[in-house]
Amino acid sequence: MRMEAVLAKYENQINVFSEFLEDLPDVDEPVWILGACYDLKTKKSELLSDVRSRLWFTYRKKFSPIGGTGPSSDAGWGCMLRCGQMILAQALVSRRLGRDWRWDAEKHQPKEYHRILHCFLDKKDSCYSIHQMAQMGVGEGKSVGEWYGPNTVAQVLKKLALFDDWNTLAVYVSMDNTVVIEDIKKQCKQPGRESRSRAGPCGRGEVPASGQSCSEAQGKTLNLQSQRPLAWRPLLLVIPLRMGLNSINPVYIQAFKECFKMPQSCGVLGGKPNLAYYFIGFIDDELIYLDPHTTQQAVDTDSGSAVDDQSYHCQRTPHRMKITSLDPSVALGFFCKSEEDFDSWCDLVQQELLKKRNLRMFELVEKHPSHWPPFVPPTKPEVQTTGAEFIESPDKLFESEEEFEILNV
């Protein structure tokens, strides 16, 4: 009871503070949000619609205990996990709905939107739930209820994405401030899971022709597959960085802002010591972010009705903070739906971040460094657990198209 009172007091303080946030400033500088540019004098409503359309994940309370006996609220410790959910959700929205999609509380939403939202519900069998993230973090040396940094949550997302057979997202987390093009293309061009999962009479999807043996059919199929170019798996690229010792080094600020201008921008994980925010853009010398530090009731979906999604979109004026107040430990996020998209991102990085800067935020190299251990793309484990809970792939959340239609009523 005492803990509930503390959480309620904390929640009320956050809400009171939010009500007194000043409106967006009246300046001539454009606003950049995840690769989109807005003039505040003529496009303010479009800007606010864009921000409001981002999926907003906050502290929740009264969900089923994590691991069966763990916490039933993540207030006070789950902010970076919630920011991790937001950057991943942005990648999934871009993948399934496109960057130009907008949420409207009064309008019918596509079935893909509801499917994405179900991936993040506070239930033990949702693929990217707080339950799965907290338990997967145990493998990264974090106890359930412990605060995460940007790199740790990126590693958790990389592992959980392996269980998502619907989106088949490749999550690449860079090492030592270095992005390796060769490794990314190797990870994104792995054989599709769908081809491995379909079994035919010969056990691998092959159907032998009349008078043909299974071994002959399999050999023919493998030969065709070797000639066919591998499809690109959509990429969420996460680059953990430290841009200073105790505060951000001013020499990095312009390059940092350039990241939000890129069409592939998926936001930034960061904040202040023990306060995580999801940064989505900037105006002048201020960053714009979504704040997870509001405690809301967990959404109950047991009834099978449509998810009440009002609490998953921030409908207040966006939060802002001075770039110079940013903790230097961050993780940049970029989403590349196609190989051409990734090649374009590489060109932009070379032009805007590497050639124009004396001190680089990170390096972009073509080949895998010879002194590094060999790169092995992550693969899905045979046992689909994080150690305690079964992970339900999003493509198994609904058994039929009719269930999607129920959500859209």
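For the reader, a short list of remarks on this structure follows.
- A single member of Tyr128, Tyr113 is assigned to a loop (DSSP other than H, G, I, E, B) and among the hydroxyl-bearing types (Ser, Thr, Tyr), and it is Tyr128.
- Single condition Ala134 does not satisfy, out of (1) of a type outside the set (Asp, Glu); (2) modelled with pLDDT of 95 or more; (3) closer than 25 Å to Leu235 by Cβ: (3)
- Some residue of the stretch 294-311 being polar (S, T, N, Q), under 30 Å from Lys44 (Cβ atoms) and open to solvent by 40 Å² or more (accessible area, probe 1.4 Å): yes
- Tally of residues being surrounded by fewer than 20 Cβ atoms within 10 Å (Cβ to Cβ), in contact (Cβ under 8 Å) with a residue 60 or more places away in the chain and more than 16 Å from Asn249 (Cβ to Cβ) across the stretch 321-355: 8
- Cβ pairs under 6 Å, 6+ apart, first in the stretch 238-251 and open to solvent by 60 Å² or more (accessible area, probe 1.4 Å), second hydroxyl-bearing (Ser, Thr, Tyr) and outside any loop (DSSP other than H, G, I, E, B): Arg242/Ser329
- Selected residue (criterion: surrounded by the most Cβ atoms within 10 Å (Cβ to Cβ)) from residues of the stretch 86-140 that are among the aromatic types (Phe, Trp, Tyr) and within 14 Å of the chain's Cα centre (by Cα): Tyr128
- Considering the stretch 52-76, the residues that are of a type in the set (Gly, Ala, Ser) and in a loop (DSSP other than H, G, I, E, B) include one that is farthest from Ala105 (Cα to Cα), namely Gly70.
The values are calculated or read from the model by the stated rules, or taken from the named source; none is laboratory data. Given the structure is predicted, the values throughout are model-derived calculations rather than measurements. All Cβ positions, even for glycine, are placed from backbone atoms using ideal geometry, and neighbour counts span all protein chains on display. Side chains included, ligands, DNA and RNA excluded: accessible areas come from the protein's heavy atoms. Shrake-Rupley method; radii C 1.70, N 1.55, O 1.52, S 1.80 Å.
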